[in-house]
Amino acid sequence: MTNRRCSGRIFAPLPVLLLGVLLVFVPGSLQAVAAGRGAPAEAPAGGGAPAQPSAVRPASPPRVPAPASASASGGDVALAREVDRLVRAQLGEYRIPGAAVVVVREGRQVLAKGYGYADAGARTPVDPERTGFFLASDAKLLTAIAVLQQVEKGRLGLDTDVNRYLRTFKIADTCPGQPVRVRDLLTHTAGFDPDILGRAETDPRAVRPLGEDLAAHQPRRVRAPGKVASYDNYGMALAGYLVETVTGTPFAQYVDRSVLRPLGMRSTSFAQPHPAALGARLARGHRPGGGGGQVRENGQYGAWSPTGAGTVGTAGDMGRLLRALLADDGRVLSAASLHALTHRQFGNDPRLPGLGYVLEERERGEQRMLVKDGDLPGFHGNLALLPGHATGVYVVYNGDGTDGRAAWAGQEVADRVADHFATAPAEPAATDRAEHPATDRAGHPGGGRTVRESRSRADVARYAGTYRSTRTSSHELTRLTALTGAVTVRAGAGATLTTSGPLTRDPDAGELRWVQLSPGLFQQDGGQARIAFRGGRLLVSTDASVAYERLSWYASPAPHTGALAGSLALLVLAVLVLPVGALVRVVRGRAVPVPGGARVAGVLLWTTAALSTAAATCFLFLSLDVDALNRAVMVDDSPLLTAVPRLVAVAAGGACATVVCAVLAWRRGWWRPVARVGYGLVALAAPVFVGVCAVYRVIGR
């Protein structure tokens with residue numbers, strides 16, 4: 001259910017800005033903060049009181065043999081070996097405690113294996129058939145199946161207004177004549193504003209009923225439905241609730257009876273708390289801690305269970321799902337519904353991969369893949385189907401990994417499976433020539449033809465600018481990610497573009513260079529990814545469920561970042577200098593009588609600066625462990641996270657007062673001119689700092 005872009009980490013780049021300012025002024029405090037990082041309490045599987053936080057260092061992972069398949073071909077054995085070697089290497093390189101993987105091909109299971117530890121502290125080995133993992137958004141695929149079952153029965157209509165089925169609340173009619181349809185929920189095109197703050201719980205017993213929570217936390221509709229695909233957790237939760245409404249059965253019970261049992265997925269459950277037997281076998285989530293150890297994660301539960309909140313299952317069960325989707329055996333869906341699930345239903349650009357129902361199209365060489373990623377704090381999974389080879393793979397990790405690399409690791413596994421079937425080099429050779437691969441009518445590279453690109457920078461200059469993800473909230477604190485998460489596009493010689501920003505989940509990717517294939521369509525130089533420009537938006541082939549909208553210069557984060565850094569520097573300086581200056585004057589006996597109004601003005605200025613600095617320091621403290629910050633945002637139980645917007649709100653009042661005092665200082669002749677100028681600069685810095693915070697919704701609550 002996590003907001004997945006940038007390796008599934010919501011606030012990944014933000015510490016840099018605050019750290020750059022505060023390192024100049026408060027190095028001692030930063031050392032104290034770094035030494036005091038802790039771990040959140042762990043919620044025990046199946047309910048119960050949270051356990052105490054712990055940091056443990058895992059020993060060498062145990063070896064768990066993979067079950068052999070008597071009918072496996074030599075190619076299948078080679079594929080299993082490739083995947084096995086990769087996952088083993090990932091656990092060591094990325095510092096991930098454990099993983100499980102299953103590979104199926106032509107109805108056979110060619111690999112099912114556990115790696116490392118389900119619990120790094122207890123050193124419990126991972127078993128692919130017994131160890132349960134939180135499935136996160138991979139569970140959305142099961143929700144889509146449940147919805148399509150009701151479409152088959154005539155209880156739901158794909159093109160019907162969802163309000164027709166809702167009884168206890170309605171979706172706001174903010175786009176008259178353009179209702180949200182059931183189809184829009186399954187293709188992430190409903191147009192709801194992202195809202196994940198506080199949507200998770202650490203204790204399954206605290207989870208509210210699905211319908212009640214959806215009614216209480218209905219987000220704004222920020223765009224018309226059916227126009228743009230933008231990953232939408234609320235929409236998927238609403239889709240599950242429609243199933244609950246039309247069947248009169250709690251969603252978890254319906255899925256268990258009509259989807260999981262027919263598929264033989266007996267170690268998978270949407271119920272919260274989990275069945276006792278399954279809860280006892282759950283893997284623990286982890287994130288890397290200090291000294292090479294691992295810190296347990298929590299916050300995996302939530303009311304929006306159709307999105308994957310609280311849903312658990314084994315790799316073996318996910319293999320059964322893969323085989324059913326590839327076999328078309330009719331156990332849970334008709335052939336027509338399965339075709340709809342796995343074929344393109346929407347795309348942000350016809351030249352790029354699009355979406356089926358929940359499943360996302362992706363390309364690797366000549367291979368068409370259908371993928372679904374799932375990320376929660378401490379758990380990261382990836383499901384991929386290669387229909388052309390009757391092959392599927394599912395891999396899940398119970399750790400965030402160094403710098404959140406576990407969210408990228410699953411894509412590496414899926415790519416390795418696709419490369420196994422490649423009949424040509426997986427990546428086109430980089431070239432600086434004027435000829436590049438052409439595209440077929442669907443926009444896919446190939447066909448043996450070439451297109452001659454223009455050599456003029458002017459031909460691509462119109463695409464240059466700054467773009468912001470549509471998955472940026474317009475109203476809650478996570479909007480702060482827009483400050484450092486925008487994509488910058490620059491035009492270059494030879495009809496090329498250079499981009500910086502989160503266009504890929506690869507943590508090692510920096511600036512990317514793109515070569516024009518046709519007007520508005522570019523391919524990565526030396527790579528396979530493509531980007532397209534359409535209707536003022538930037539689209540990317542590696543993620544069909546996101547779009548980037550072009551920003552005006554005044555909405556770009558660059559001037560906001562400069563204003564925030566400059567104003568915060570002045571405010572921190574005031575916090576340090578004003579008390580020191582007053583103390584020096586007293587020690588030297590140079591204190592002079594000051595009017596009462598001037599004294600009040602000085603106290604107001606210092607207090608406002610201190611509040612602003614405290615807010616920035618609190619956020620910096622949280623940002624020192626980005627994985628912990630992402631978890632805190634989802635659970636919303638951090639006193640520091642609560643304190644930041646409240647401190648800014650109080651500082652806003654002080655900022656207004658200091659501006660008035662700055663005017664009075666000149667009119668009444670308080671202090672020397674140099675002191676008045678300094679006061680005025682800091683007094684102006686305060687509303688600038690508060691103003692930027694307000695733009696990014698870091699105020700109040």
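The values are calculated or read from the model by the stated rules, or taken from the named source; none is laboratory data. In this text, all values refer to a predicted model and were calculated from it rather than measured experimentally. Virtual Cβ from ideal backbone geometry, glycine too; neighbours counted across all protein chains shown. Remember, those area values only see protein heavy atoms, side chains included, never the ligands or the DNA or RNA. Shrake-Rupley method; radii C 1.70, N 1.55, O 1.52, S 1.80 Å.
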Q.
Six or more apart or on different chains, Cβ atoms under 6 Å: show the pairs whose first residue is in the stretch 205-232 and part of a loop (DSSP other than H, G, I, E, B) and whose second is at pLDDT 95 or above and surrounded by fewer than 16 Cβ atoms within 10 Å (Cβ to Cβ).
A. none
(Q) Quick check on this structure: which one of ALA655, ALA628, ALA615 is more than 30 Å from ARG296 (Cα to Cα) and of a type in the set (A, V, I, L, M, F, W, C)? (A) ALA655
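Go over the candidates ARG368, ARG405, ARG364 one by one and state the one that is under 30 Å from SER623 (Cβ atoms) and open to solvent by 20 Å² or more (accessible area, probe 1.4 Å).
Values: ARG368 fails: under 30 Å from SER623 (Cβ atoms); ARG364 fails: under 30 Å from SER623 (Cβ atoms).
Of the residues listed, the single one that is under 30 Å from SER623 (Cβ atoms) and open to solvent by 20 Å² or more (accessible area, probe 1.4 Å) is ARG405.
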Q: Looking only at the stretch 126-153, count how many residues are part of a helix (DSSP H, G or I) and closer than 19 Å to GLY399 by Cβ.
A: 3
Q. Under the condition of being among the small types (Gly, Ala, Ser) and open to solvent by less than 30 Å² (accessible area, probe 1.4 Å), which residue from the stretch 328-354 is nearest to VAL147 (Cα to Cα)?
A. SER337
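In the stretch 165-179, which residue that is touching a helix residue (DSSP H, G or I) at 6+ places or on another chain (Cβ under 9 Å) and among the β-branched types (Val, Ile, Thr) is surrounded by the fewest Cβ atoms within 10 Å (Cβ to Cβ)? Write out each step before concluding.
Within the stretch 165-179, the first condition is being touching a helix residue (DSSP H, G or I) at 6+ places or on another chain (Cβ under 9 Å), and the residues that meet it are 165-171, 173, 179.
Next cut, among the β-branched types (Val, Ile, Thr) only: 168, 171.
Values: THR168: 10, ILE171: 20.
Going through the qualifying residues, I end up with THR168.
Among the residues of the stretch 280-296 satisfying the criterion of being assigned to a strand (DSSP E or B) and hydrophobic (A, V, I, L, M, F, W, C), which is farthest from ALA628 (Cα to Cα)? Outline the logic, then answer.
Start the filter on the stretch 280-296 by keeping residues that are assigned to a strand (DSSP E or B), which leaves 282, 286-288, 294-296.
Adding the requirement that they be hydrophobic (A, V, I, L, M, F, W, C) leaves 282, 295.
Numbers: LEU282: 21, VAL295: 10 Å.
Filtering first and then ranking leaves LEU282.
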**Q.** Condition met for THR202 (surrounded by fewer than 17 Cβ atoms within 10 Å (Cβ to Cβ), under 19 Å from PRO273 (Cα atoms) and hydroxyl-bearing (Ser, Thr, Tyr))
**A.** no
Q.
Among the residues in the stretch 270-291, are any within 28 Å of GLN345 (Cα to Cα) and either among the small types (Gly, Ala, Ser) or at pLDDT 95 or above (or both)?
A. yes
(Q) Looking at (1) at pLDDT 95 or above; (2) in contact with a Ser or Thr (Cβ under 6 Å, 6 or more places away or on another chain); (3) not charged (D, E, K, R), which one does LEU383 not meet, given that it meets all the others? (A) (2)
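Let's see how each residue does on (1) over 22 Å from the mean Cα position of the chain (by Cα); (2) part of a helix (DSSP H, G or I):
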{"position": "LEU278", "(1), (2)": "yes, yes"}
{"position": "PRO306", "(1), (2)": "no, yes"}
{"position": "GLY316", "(1), (2)": "yes, yes"}
{"position": "GLY330", "(1), (2)": "yes, no"}
{"position": "ALA336", "(1), (2)": "yes, yes"}
{"position": "PRO350", "(1), (2)": "yes, no"}
{"position": "ARG362", "(1), (2)": "no, no"}
**Q.** Where THR658 falls short, out of the listed (1) surrounded by fewer than 24 Cβ atoms within 10 Å (Cβ to Cβ); (2) without any contact (Cβ under 8 Å) to a residue 60 or more places away in the chain
**A.** (1)
Q) Which is open to solvent by less than 10 Å² (accessible area, probe 1.4 Å) and either more than 22 Å from the chain's Cα centre (by Cα) or β-branched (Val, Ile, Thr) (or both), of SER552, SER545, SER567? A) SER567
Q. Is one or more of the residues making up the stretch 615-638 open to solvent by 30 Å² or more (accessible area, probe 1.4 Å) and more than 34 Å from the chain's Cα centre (by Cα)?
A. no
Q) Do we find that VAL695 is farther than 30 Å from GLY310 by Cα, surrounded by fewer than 17 Cβ atoms within 10 Å (Cβ to Cβ) and of a type outside the set (S, T, N, Q) in this structure? A) no
Q: Answer yes if at least one residue in the stretch 664-673 is touching a residue at least 60 places away in the same chain (Cβ under 8 Å) and either among the aliphatic types (A, V, I, L, M) or closer than 21 Å to THR472 by Cα (or both), and no otherwise.
A: yes
Q) Within the stretch 568-600, which residues are modelled with pLDDT under 85 and basic (Lys, Arg)? A) ARG585, ARG588, ARG590
Q. Conditions: (1) touching a residue at least 60 places away in the same chain (Cβ under 8 Å); (2) farther than 24 Å from GLY381 by Cα; (3) buried (at least 17 other Cβ atoms within 10 Å of the Cβ); (4) out of contact with any helix residue (DSSP H, G or I) (no Cβ under 8 Å at 6 or more places or on another chain). ALA136 meets all but one. Number of the miss?
A. (2)
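With respect to PRO65, determine if the residue is within 25 Å of GLY378 (Cβ to Cβ), modelled with pLDDT under 95 and either open to solvent by 40 Å² or more (accessible area, probe 1.4 Å) or in a strand (DSSP E or B) (or both). Even if it seems obvious, please write down each step before you answer.
Details: within 25 Å of GLY378 (Cβ to Cβ): no; modelled with pLDDT under 95: yes; either open to solvent by 40 Å² or more (accessible area, probe 1.4 Å) or in a strand (DSSP E or B) (or both): yes.
Answer is no for this residue.
Would you check which residues across the stretch 98-112 are of a type outside the set (A, V, I, L, M) and over 15 Å from GLY381 (Cβ atoms) and list them? Even if it seems obvious, please write down each step before you answer.
From the stretch 98-112, those of a type outside the set (A, V, I, L, M) are 98, 105-109; that's our starting set.
Once the filter is applied, which keeps residues that are of a type outside the set (A, V, I, L, M) and over 15 Å from GLY381 (Cβ atoms), the stretch 98-112 yields ARG105, GLU106, GLY107, ARG108, GLN109.
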Q.
Looking at (1) of a type outside the set (Ser, Thr, Tyr); (2) touching a residue at least 60 places away in the same chain (Cβ under 8 Å); (3) within 24 Å of VAL104 (Cβ to Cβ), which one does ASP256 not meet, given that it meets all the others?
A. (2)
Q: Answer yes if at least one residue in the stretch 145-161 is in contact with a Phe, Trp or Tyr (Cβ under 7 Å, 6 or more places away or on another chain) and among the polar types (S, T, N, Q), and no otherwise.
A: no
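Which residue, of VAL162, VAL151, VAL182, VAL126, is open to solvent by 10 Å² or more (accessible area, probe 1.4 Å) and either on the phi < 0 side of the Ramachandran plot or in contact (Cβ under 8 Å) with a residue 40 or more places away in the chain (or both)? Talk me through it step by step, then tell me what you get.
On the way: VAL162 fails: open to solvent by 10 Å² or more (accessible area, probe 1.4 Å); VAL182 fails: open to solvent by 10 Å² or more (accessible area, probe 1.4 Å); VAL126 fails: open to solvent by 10 Å² or more (accessible area, probe 1.4 Å).
Criteria check complete, one pass: VAL151.
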Q: Any residue in the stretch 315-326 that's over 17 Å from GLY98 (Cβ atoms): show its pairings with residues that are hydroxyl-bearing (Ser, Thr, Tyr) and part of a helix (DSSP H, G or I) at Cβ separation under 9 Å, as long as the two are six or more apart or on different chains.
A: LEU325/THR342
Q | Exclusive hit being within 24 Å of GLY98 (Cα to Cα), over 25 Å from the mean Cα position of the chain (by Cα) and basic (Lys, Arg), set ARG261, ARG257, ARG266 | A | ARG266
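I'm checking my understanding of the structure. Among residues of the stretch 248-268 that are open to solvent by 10 Å² or more (accessible area, probe 1.4 Å) and outside any helix (DSSP H, G or I), which one is nearest to VAL332 (Cα to Cα)? Reasoning before the result, please.
Just the residues of the stretch 248-268 that are open to solvent by 10 Å² or more (accessible area, probe 1.4 Å), to begin with: 248-250, 252-253, 256-258, 261-262, 264, 266-267.
Those left that are additionally outside any helix (DSSP H, G or I): 248-250, 264, 266-267.
Details: GLY248: 19, THR249: 17, PRO250: 18, GLY264: 11, ARG266: 15, SER267: 17 Å.
Among residues in the stretch 248-268 that are open to solvent by 10 Å² or more (accessible area, probe 1.4 Å) and outside any helix (DSSP H, G or I), the one nearest to VAL332 (Cα to Cα) is GLY264.
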